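Asker: One structure follows; several queries about it will come next.
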Amino acid sequence: MNYRNRVISAEEAARRDAYISRVRSINSNKALKIFINTFGCQQNEADGESVAGMAALMGYSLTDCPECADLIVVNTCAVREHAEKKALSVVGQYKHCKKNKPSLVIAVCGCMVSQKHRADEIKMKYPYVDFTFGTSELYKFPELLAKRLKGGRRDFLLPNDEPLIAEGIAPARASSYRAWLSVMYGCNNFCSYCIVPYVRGRERSRDPRVIEEEFRTLVNDGYRDITLLGQNVNSYGQKCTFECNFAELLRRLSSVEGDYKLRFMTSHPKDATCELVDVMASSERIAKQFHLPLQSGSNSVLKAMNRGYTVEKYLDTVGYIREKMPDVTLTSDIIVGFPGESEADFEATLDVLRRVRYDMVYSFIYSPRTGTPAAQMADQIPEEVKGERLRRLLDLQTQIAEEKNAELLGTEQRVLCYGTSKNNDGMLEGRTEGNKIVLFKGDSSLEGEYVNVKITETHPFVMYGEKY
Ligand code: SAH
Ligand code: SF4
Ligand code: F3S
């Protein structure tokens, strides 16, 4: 029996640590810099922080300037074609950096290069890339780097079919008050449109004791907002040698004393349980925010997507969530233009949007992914139809979001300050418990603190407020 919580062997971990020391000694006394460019989801951001953690141990400090770097790592995403194009074009831009500084090492990691055809493409068409490695081989990064620095050949490492968990790499977190905490890796769901199970491998769960230890450290270090990550957190702990499901994990973590909010993503509707909702509702420390991706409001499309639930079951779950947490912020993901999606199917999706009234919807045009069943399906939808459906969906959702936010006008919110707003001069940006953006005036020293704000103006995607 292959348990889903198997970790790499002690020898493998020791090998990694030895390579970390080796890189440090190869680079002795040089102040080296690493530039990491991460695309994609939170899970990829968390991986980028693990790469940064290993790099720090190897003597590299972070820079945000690729031209100044001695090592560039592009951490890629493959979820849609656009993401891959972007990653490839960015890799292309670093050619000149290598030309100006031949000692520069360029590595590409992440979901895109976990696919053989993309790793091959990098090998053939991007000769200045030194090595690539997949998401489940992050711990091989020091080895690949050490070998290359010693003049070894270019290497293109593809993921293993049964990847294991590598513990013992402390991430270098980008923020001192909000943190990603991976509780599991991979995905076993094989939704018919999705590349993730192919590039991130089979599902595996970290030991709850290791998670709890990391969590306690975060809380002690003053982290205010901690998001547990997994492609489908509801299957946490399945087929493991420990006994702890996701609801139980949440219960254990939220019993840790402290002034913080705990969140998680993503929850798959097919196995979102009442027990999970009950635990959320019962703890002040768990944010009342639920991301529950619907993908489509048509049962026949859901079936073709291999999602494993019906619209009726989905609406029941939403009903239970709202019953237990009336103030919950509810968000979703929608794909428009899935193969075979008729006008009536699409209307059914709009209908669910009108019924559920999400606070926010992340909507995507279906993008065929090489190797997935949906890419082979007949009746692919023409681009202009997909575009037109996306616009209609955005129009409807913008109106709903506007109305939902207007309900918050005049309310008092405790927001976590994220520092100065990038797009609004002189304003601070904060997030409510439901993760909504609030702009307000104040001193930048408030970054990382909770601030009480009264909402004075609302828009579909942003609200304004005043400190009180
Ligand atoms: N594990 C998460 C989602 C990961 S991908 C979940 O199951 O909800 C994030 C979102 O990207 C998905 O929810 C889906 O809406 C979208 N997505 C995934 N594959 C896609 C594709 N081929 N084309 C368009 N959107 C896609
Ligand atoms: Fe992709 Fe489905 Fe897995 Fe989410 S649950 S990562 S959409 S296969
Ligand atoms: Fe995330 Fe993109 Fe990979 S969405 S899991 S980085 S394909």
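The values are calculated or read from the model by the stated rules, or taken from the named source; none is laboratory data. Computed from a prediction, not measured in an experiment: that's the story for all the values here. Every residue, glycine as well, gets a Cβ built from its backbone with ideal geometry; the counts of neighbours run over all protein chains shown. Note: areas computed on protein heavy atoms with side chains; ligands, DNA, RNA excluded. Shrake-Rupley method; radii C 1.70, N 1.55, O 1.52, S 1.80 Å.
Asker: Across segment 416-438, which residue is least open to solvent (accessible area, probe 1.4 Å) among those that are within 19 Å of residue 398 (Cα to Cα) and hydrophobic (A, V, I, L, M, F, W, C)?
Answerer: Restricting to residues being within 19 Å of residue 398 (Cα to Cα) and hydrophobic (A, V, I, L, M, F, W, C), the top hit is 438.
Asker: Does residue 211 fit the bill of being outside the structural domain of residue 61 (by TED's automatic domain parsing), more than 16 Å from ligand 1 (Cβ to nearest atom), touching a Phe, Trp or Tyr at 6+ places or on another chain (Cβ under 7 Å) and closer than 24 Å to residue 51 by Cβ? Break it down stepwise before answering.
Answerer: Working: outside the structural domain of residue 61 (by TED's automatic domain parsing): yes; more than 16 Å from ligand 1 (Cβ to nearest atom): yes; touching a Phe, Trp or Tyr at 6+ places or on another chain (Cβ under 7 Å): no; closer than 24 Å to residue 51 by Cβ: yes.
Spelling it out, it is not the case that residue 211 is outside the structural domain of residue 61 (by TED's automatic domain parsing), more than 16 Å from ligand 1 (Cβ to nearest atom), touching a Phe, Trp or Tyr at 6+ places or on another chain (Cβ under 7 Å) and closer than 24 Å to residue 51 by Cβ.
Asker: Oh, and also: How about segment 19-95: which strands (runs of 3 or more DSSP E) wholly inside it have at least 2 residues that are within 12 Å of ligand 3 (Cβ to nearest atom) and without any contact (Cβ under 8 Å) to a residue 60 or more places away in the chain? Step through it out loud before you land on a result.
Answerer: On the way: elements: 32-38, 60-62, 71-76.
Of the strands (runs of 3 or more DSSP E) lying wholly inside segment 19-95, those with at least 2 residues that are within 12 Å of ligand 3 (Cβ to nearest atom) and without any contact (Cβ under 8 Å) to a residue 60 or more places away in the chain span 71-76.
Asker: What pairs can you find where one residue is in segment 185-200 and within 7 Å of ligand 1 (Cβ to nearest atom), the other is modelled with pLDDT of 95 or more and assigned to a strand (DSSP E or B), and their Cβ atoms are less than 6 Å apart, with a gap of 6+ or different chains?
Answerer: none
Asker: If you scan segment 452-468, which residues turn out to be aliphatic (A, V, I, L, M) and surrounded by 19 or more Cβ atoms within 10 Å (Cβ to Cβ)? Break it down stepwise before answering.
Answerer: Just the residues of segment 452-468 that are aliphatic (A, V, I, L, M), to begin with: 453, 455, 462-463.
Selection gives 453, 455, 463.
Asker: What pairs come out if I take residues in segment 443-468 that are in the same structural domain as residue 429 (by TED's automatic domain parsing) and pair them with residues that are open to solvent by less than 70 Å² (accessible area, probe 1.4 Å) and modelled with pLDDT under 95 whose C-beta lies under 9 Å away, six or more apart or interchain?
Answerer: Listed pairs, sorted by first residue: 462/424.
Asker: Against the definition (at pLDDT 95 or above and away from ligand 2 (no atom under 14 Å from the Cβ)), how does residue 307 come out, yes or no? Please lay out each step first, then the result.
Answerer: Working: at pLDDT 95 or above: yes; away from ligand 2 (no atom under 14 Å from the Cβ): no.
Against the criterion (at pLDDT 95 or above and away from ligand 2 (no atom under 14 Å from the Cβ)), residue 307 does not qualify.
Asker: Only residues that are under 23 Å from residue 42 (Cβ atoms), of a type outside the set (Asp, Glu) and open to solvent by 30 Å² or more (accessible area, probe 1.4 Å): list them for segment 61-88, please.
Answerer: Within segment 61-88, 62, 79, 80, 82, 85, 86 qualify.
Asker: Please verify whether residue 28 is away from ligand 2 (no atom under 16 Å from the Cβ), of a type outside the set (A, V, I, L, M) and surrounded by fewer than 18 Cβ atoms within 10 Å (Cβ to Cβ), treating the condition exactly as stated. Outline the logic, then answer.
Answerer: Working: away from ligand 2 (no atom under 16 Å from the Cβ): yes; of a type outside the set (A, V, I, L, M): yes; surrounded by fewer than 18 Cβ atoms within 10 Å (Cβ to Cβ): yes.
Judged against the criteria, residue 28 is a match.
Asker: Could you tell me whether any residue of segment 312-326 is crowded, with 20+ Cβ neighbours inside 10 Å and within 15 Å of ligand 2 (Cβ to nearest atom)? Break it down into steps so the answer makes sense when it comes.
Answerer: First pass over segment 312-326, keeping only residues crowded, with 20+ Cβ neighbours inside 10 Å: 314, 317-318, 321.
From what is left, the residues that are within 15 Å of ligand 2 (Cβ to nearest atom) are 314.
The answer is yes; a qualifying residue exists.
Asker: Scan segment 86-97 and tell me whether some residue there is within 16 Å of ligand 1 (Cβ to nearest atom) and at pLDDT 95 or above. Write out each step before concluding.
Answerer: Of the residues in segment 86-97, the ones within 16 Å of ligand 1 (Cβ to nearest atom) are 86-87.
Right, trim to at pLDDT 95 or above and you get 86-87.
Yes, segment 86-97 has at least one match.
Asker: Filter segment 214-242 for residues that are part of a loop (DSSP other than H, G, I, E, B), open to solvent by 10 Å² or more (accessible area, probe 1.4 Å) and within 16 Å of ligand 2 (Cβ to nearest atom) and give the result. Please lay out each step first, then the result.
Answerer: So in segment 214-242, the residues part of a loop (DSSP other than H, G, I, E, B) come out as 221-224, 230-232, 236-242.
Subsequent filtering for residues that are open to solvent by 10 Å² or more (accessible area, probe 1.4 Å) retains 221-224, 231, 237-242.
Result: 231, 238.
Asker: Among the numbered criteria (1) more than 16 Å from ligand 1 (Cβ to nearest atom); (2) open to solvent by less than 10 Å² (accessible area, probe 1.4 Å); (3) closer than 16 Å to residue 42 by Cβ; (4) touching a residue at least 40 places away in the same chain (Cβ under 8 Å), which one does residue 262 miss?
Answerer: (4)
Asker: Test residue 55 against the criterion of being at pLDDT 95 or above, within 23 Å of residue 195 (Cα to Cα) and open to solvent by less than 20 Å² (accessible area, probe 1.4 Å), and give yes or no. Steps first, answer last, please.
Answerer: Values: at pLDDT 95 or above: yes; within 23 Å of residue 195 (Cα to Cα): no; open to solvent by less than 20 Å² (accessible area, probe 1.4 Å): yes.
Taking the combined requirement at face value, the residue does not satisfy it.
Asker: A further question on this structure: Can you go through 389, 369, 354 and tell me which one is charged (D, E, K, R) and closer than 19 Å to residue 459 by Cα? If you could, list the steps in order and put the result at the bottom.
Answerer: Working: 389 fails: closer than 19 Å to residue 459 by Cα; 369 fails: closer than 19 Å to residue 459 by Cα.
Only one candidate passes the filter, namely 354.
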